[in-house]
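Engineer: Just passing along the structure, written as C-alpha cells.
What follows is calculated from the coordinates using simple rules that are stated; it is not laboratory data. Since this is a predicted model, take the numbers as computed values, not measurements. Here the Cβ is made from the backbone with ideal geometry for all residues, glycine too, and neighbour counts use every protein chain on show.
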Amino acid sequence: MLELDYTDKYFDKNLTSLYHLSIQLLPDGFSFCIRDTVRNKFIRFFEKRIEISDDLPYEYYCQHFYDFLMSQEILNSSFKKVSVLYHTTHSTLVPISVYDPGKLKELFQMNFPDVSNEDIFSNRLKNSDAAVVFAVPECINKILSQQYSNYKIYHQGYALIDNSLFMNKGMTSTQISVNIGNGILDVCLINTAELLLYNNFSYTTENDIVYHIANICDQFSKEARPQEISLAGNILEFKALIANLERYFKRVNSWKALDDVKFSDSFLPLSLNKYSNLFSLYKCE
C-alpha cells in the first residue's frame, strides 16, 4: 500500500483547535491535509492507497476508512473545522427552482431510483443557481459522526465547480474545467462566470477521457466551441492526454492554487494539481 506523508516543521499537534482538517475519500484510498488558519498555510498532508474490489459491499470500504482514521493519531484530535470530500458518480445537479433541502431523497431518486444503505446530502453552489445532490454510504456517515461533531461533507463536483466559477470571474470566453480522479472524470463548462454544464463519468482509459470531453465540445457549433480547457487531477498518469486535447483546444492549462494560501516547503515533492479538489476545500464554506 502506497503512502505519502509530508509535515511542516512548525506543525504542532497541540494546536489543532486552530487547524482546518480536510479529508478526501477516493475509490482506492484516502488522504487528508491540514491548514493552519492563523497563517493560512497547509502544513500537513498524508495519503494512503488501498486495494479493494468494486464487487465487495460498501462495508469493506467503510472498514478500511475506519482503520485509516484510527491509524492516524492526529485524526483523533479536535479541529476548528472538518471538511470531507467524497468522490462518487452517484450525484445530480439540481436547479434552485426545484431544489428543496427537505426532499433530497426524492430529488436524488429522479436519476438514481435505488437508494439503499445510503444517506443523501446536498451542496448548494455559492456562485450558481444550482445544488449538487449526492449519496454517501450510511456507514461512512456514521463513522464521521462518531469521530467529529463539526464535519461537513462535500461532493467532488462542488469543489470543481466552485473553484472554476471563482477562477473565471470577469472572463468572457467559454472554458471547460476538468478533474481527472481515480476512475471518475468531472467536467464543467463555464461562460462569463456562469455554469453552463456539469457532469461526471466513469472511465478506464485515456481514450475514454478524450471521448467524453470531445463529445461535450461537439454539442457546440464551430464558432461557439470552447477554446480553452483547464486540467487537474491525475494528469501525469496519461502521457499523451495533453497532446490529444490540443487537437480540440487552443489552450490547455493546468490548475493553479490561489495566491491567498501558502503551502509548506515540505510539500515540494507533491503534485498539488493532482489534489486540487482537496486543497480547494478551504474555500467551500
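Engineer: Compute the angle between helix 58-71 and the longest alpha-carbon principal axis of the chain, please, reported from 0 to 90 degrees and rounded to the nearest 10.
Structural biologist: Helix 58-71 and the main axis of the chain meet at about 50 degrees.
Engineer: Still on this structure, please answer the following. Between residue 242 and residue 18, how many nm apart are label points set 7 Å from Cα along the C-beta direction?
Structural biologist: The answer from the label model is 3.9 nm.
Engineer: Something else now. To one decimal place, what orientation-averaged projected area in nm² is obtained for the convex hull of the Cα set of the stretch 1-153?
Structural biologist: So the Cα hull casts an average projection of 10.1 nm².
Engineer: Evaluate the Debye formula for the stretch 174-220 with equal point scatterers sitting on the alpha carbons, no solvent, and hand back log10 of I(q)/I(0) at q = 0.27, 0.33 Å⁻¹, in q order, two decimals.
Structural biologist: Log10 of I(q)/I(0), two decimals: -1.01, -1.29.
Engineer: Over 27 Å between Cα atoms: which of 41/103; 81/274; 169/239 fall into that group? Can you show the working numbers first?
Structural biologist: Numbers: 41/103 38 Å; 81/274 23 Å; 169/239 31 Å.
Pairs exceeding 27 Å: 41/103; 169/239.
Engineer: Just the Cα atoms of the stretch 62-145, one point each, no solvent: what log10 I(q)/I(0) does Debye give at q = 0.11, 0.17, 0.18 Å⁻¹?
Structural biologist: Debye intensities relative to I(0), on a log10 scale: -0.38, -0.79, -0.85.
Engineer: For the chain, what does the helix formula give at 222 nm: sum of -39500 (n - 2.57) over DSSP H segments with n ≥ 4, over the residue count, nearest 500 deg cm²/dmol? Working shown, then result.
Structural biologist: Details: 7 runs with 64 residues, N = 285.
When only DSSP H runs of four or more count, the value is -6500 deg cm²/dmol.
Engineer: Which distance in Å, rounded to a whole number, links the C-alpha centroids of the stretch 163-203 and the stretch 82-107?
Structural biologist: Value for the Cα centre distance between the two parts: 18 Å.
Engineer: Below 10 angstrom from the Cβ of residue 150, what's the summed charge of the other residues (Lys, Arg +1; Asp, Glu -1)? Intermediate values should be presented prior to the final figure.
Structural biologist: Details: positive: 80, 81, 152; negative: none.
It works out to a net charge of +3.
Engineer: So which aspartates and glutamates can residue 48 reach, going by Cα to Cα under 20 Å and dropping same-chain residues fewer than 8 places off?
Structural biologist: Filter leaves 3, 5, 8, 28, 59, 67, 73, 237.
Engineer: Over every pair of different alpha-carbon atoms in the chain, take the mean of 1/r and invert it; report that Kirkwood radius in Å.
Structural biologist: Numbers: mean 1/r = 0.0507 Å⁻¹.
It is 19.7 Å.
Engineer: Starting from 0.36 nm per residue, how many nanometres of slack lie between residue 138 and residue 58 once their C-alpha separation is accounted for?
Structural biologist: Numbers: separation 80, 0.36 × 80 = 28.80 nm, distance 0.92 nm.
Here the segment from residue 138 to residue 58 would lengthen by 27.9 nm.
Engineer: Moving on. For the Cα atoms of the chain, what angle does the longest principal axis make with the long axis of helix 156-167, in degrees from 0 to 90, nearest 10?
Structural biologist: Approximately 60 degrees, to the nearest ten.
Engineer: While we're on this one: Taking the square root of 5 times each eigenvalue of the Cα gyration tensor, what semi-axes in Å does the equivalent ellipsoid of the stretch 168-254 have, largest first?
Structural biologist: Value: 20, 13, 12 Å, ordered largest first.
Engineer: What do you get for the angle between helix 206-217 and the principal long axis of the chain? Use alpha-carbon atoms, 0 to 90 degrees, nearest ten.
Structural biologist: Between the helix axis and the principal axis of the chain, the angle is about 50 degrees.
Engineer: Taking 30 Å as R0, compute the FRET efficiency from the Cβ-Cβ separation of residue 114 and residue 207 and round it to 0.05.
Structural biologist: Numbers: r = 30 Å, r/R0 = 0.99.
With R0 = 30 Å, the Cβ-Cβ based efficiency is 0.50.
Engineer: How would you rank 124, 247, 44, going from fewest to most other Cβ atoms within 10 Å of each one's own Cβ?
Structural biologist: Values: 124 15, 247 8, 44 21.
The fewest-first ordering by Cβ neighbours comes to 247, 124, 44.
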